[in-house]
Amino acid sequence: MMIELRTRETLLLLSFVAALAMPAPVASQAAANTPTSAYDIVRARQLYVSNRPEDHDPLRDHERDVRTKLVTDSIYAAEADGAYAFEKVSYLSSVGDLQIPAYLFKPLDAADPGSLPALVAVHGGVHGDWSTVYLPLVKEAVARGYVVIAPDYRGSIGYGADFHNAIDYGGYEVDDVISAVDFLRVNVPEVDPSRIAIIGWSHGGYIASLAVFRESHPFSAAVSIVPVSNLIFRLSYKGPAYQALFSTQARIGGLPHERRQVYVERSPVYHVDKLAVPMLVHVATNDDDVDFVEAEMFINALRAKKPELAETKVYEDPPGGHSFALLVGRDLSLVETPQLRDSWRRMWDFLGRNLSPTSATARAATN
């Protein structure tokens, strides 16, 4: 019986292997004449997107980033003379796991406690930092009577591999930025806590949006220029290399089809209903980073759902595209274009109406 059973098993196995080897039935003569393609290993590698944190941005030169950050700090220190008071500070994120470095800029003239408005200014870039491109913004903001604090939130470059790899796009990074307000309350008594706005460009505008879409936040207004707003759409548009910068983040861990709710939570376009403070949003039709097909979704949602709070403007093909409202030359001065100047005029007017700077410098800058 044992020999017979084994023979039967062997025959069944051979029949199964033979069936696999037989060509599949063809639906048509055209299909029959189509040659079988080899597995395209090159395309497979191009399309592969890891979800492992150890694969996140592996080629980054962190030592170079640290050196560049020291140069940036030295430029802000040198430019401070006669323009602003400057200090590099740090504070513990409300998440409780990281010290967040930040740039602090104040008007030179002494101010009474609670007399000055403040801006929490947020840099852009998936892995960016507060760079010298923001120097014109700092100078004009301080001249208008604002205190400015600019955090290098988790994931920013210039602070080593661990800080870089702690990136949490649309998650804890927002907590890092909001925590700057707690620092101001404790350490900068001249700031009025009821007159603080959050402002940013690109990824910075994205963080500004998410911050004021939270149920509870400390901001009286928000400025969001060319902001990222829909990660689900954005990742589909940008492809695998860009997708890998998100899927390999420890608290994301996958692509939108795998982690749908995470991407919805981190996409401002789906949370417009929560806006409860005034918000300014500018976008460009020729933006090749935050493409207009993404930006238009956000603009339309704001106009439809929050017309009483949102001030929006679409700029038609401005010079610079994505950078149109923050064009800075090699001499670190603004590259003046009509669109840039119009965007800045609207921004300062918006902030003035909602934060009411009262210093002499602010009045002079407004006139």
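Shown here: mean projected area of the Cα convex hull in nm², derived from the displayed model; of the candidates [x] 18.9; [y] 22.5; [z] 27.6, it corresponds to [z]. Other residues with beta-carbon under 14 Å from the beta-carbon of ARG234 carry, at +1 per Lys or Arg and -1 per Asp or Glu, a net charge of -4.
Checked against a 26 Å cut-off, the cross-linked pairs LYS106/LYS274; LYS139/LYS305; LYS69/LYS139; LYS238/LYS305 give Cα-Cα distances beyond that limit for LYS106/LYS274; LYS139/LYS305; LYS238/LYS305. The distance from the alpha carbon centre of region 41-81 to that of region 144-196 is 20 Å, rounded to a whole number.
Between ALA180, ALA44, ALA301, the Gaussian network model of the chain with springs among Cα atoms under 10 angstrom shows the greatest mean-square fluctuation at ALA44.
Seen against the Cα atoms of the chain and their longest principal axis, helix 338-355 is set at about 70 degrees. Sorting the segments 102-109, 307-314, 287-294, 196-203 by their residues' average number of neighbouring beta-carbon atoms within 10 angstrom, most packed first, yields 196-203, 102-109, 287-294, 307-314. Can you tell me which of MET279, MET347, MET297 moves the most in a GNM of the chain? Springs connect C-alpha atoms under 10 Å apart. Answer for the Gaussian network model of the chain: MET297. Each of GLU54 and VAL95 was given a label point 7 Å from its Cα along the Cα-to-Cβ line. The distance between the two points is 2.2 nm. Taking the C-alpha atoms only, the angle from helix 172-187 to the longest principal axis of the chain is near 20 degrees.
Taking a cut-off of 20 Å between Cα atoms, list the aspartates and glutamates near LYS313, but don't count ones fewer than 8 places away on the same chain. Partners found: ASP273, ASP287, ASP288, ASP289, ASP291, GLU294, GLU296, GLU336, ASP342, ASP349. From its DSSP helices (H runs of at least four residues, each -39,500 (n - 2.57)), the chain gives a residue-normalised ellipticity at 222 nm of -12500 deg cm²/dmol. Across region 182-339, C-alpha contacts under 8 Å between residues 6 or more apart give a mean separation that, scaled by the residue count, equals a relative contact order of 20 percent.
A simple count of charges around PHE213, restricted to other residues whose Cβ falls under 10 Å of its Cβ and scoring Lys, Arg +1 and Asp, Glu -1, yields 0.
About its Cα centre, the dipole of the chain is roughly 620 debye, where the only charges are +1 on Lys and Arg Cβ and -1 on Asp and Glu Cβ. Comparing ARG64, ARG45, ARG266 in a Gaussian network model of the chain (Cα springs below 10 Å), the most mobile by mean-square fluctuation is ARG45. Computed on the chain, with alpha-carbon pairs under 8 angstrom and 6+ residues apart, the relative contact order is 17 percent. What angle do you read, to the nearest 10 degrees and between 0 and 90, between the alpha-carbon axis of helix 62-79 and the longest principal axis of the chain? With both axes taken from Cα atoms, the answer is about 20 degrees. Cβ crowding within 10 Å, taken as a proxy for footprinting-reagent exposure, orders ASP129, ASP112, ASP342 from fewest neighbours to most as ASP112, ASP342, ASP129. Taking the number of Cβ atoms within 10 Å of each Cβ as an exposure proxy, the fewest-first ranking of ARG251, ARG43 is ARG43, ARG251.
Laboratory data are not the source of any read-out in this text; all were calculated from the coordinates shown. Model, not experiment: these values are computed from the prediction. Glycine gets a Cβ as well: all are built from the backbone with ideal geometry, and neighbour counts include every protein chain shown.
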